[in-house]
Amino acid sequence: MHLGTASGTLLSIVPNIVSEDIIKTIILAGIGAMVSFTISLLLKWLLKIKK
C-alpha cells in the first residue's frame, strides 16, 4: 500500500473516532492484559503443581 493511500485512509478515519471509543478501547485493552496475565500465572502454577 502506498504512503499516500495509507495517509488518506488514516485522515478519513480520524474525524470519525469519538473520544469515548478511545477510552473504551484503552479500558478494554487493560482488562484484557490483566486477564491474560492472570491466566498465564494460574497456568504456570497449575503446571508446577502437576510436576
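Throughout, read-outs are computed from the coordinates displayed, never taken from laboratory work. Just so we're clear, the structure is a prediction, and the values are computed from it rather than from any experiment. Methodologically, a virtual Cβ is constructed for each residue, glycine included, from the backbone with ideal geometry; neighbour enumeration extends over all protein chains shown.
Return yes when Leu28 is more than 17 Å from the chain's Cα centre (by Cα) and in a helix (DSSP H, G or I) and no when it is not. Break it down into steps so the answer makes sense when it comes.
Values: more than 17 Å from the chain's Cα centre (by Cα): no; in a helix (DSSP H, G or I): yes.
It is false that Leu28 is more than 17 Å from the chain's Cα centre (by Cα) and in a helix (DSSP H, G or I).
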Does segment 4-16 contain at least one residue that is out of contact with any Lys or Arg (no Cβ under 9 Å at 6 or more places or on another chain), loosely packed, with under 10 Cβ neighbours inside 10 Å and not in a helix (DSSP H, G or I)?
no
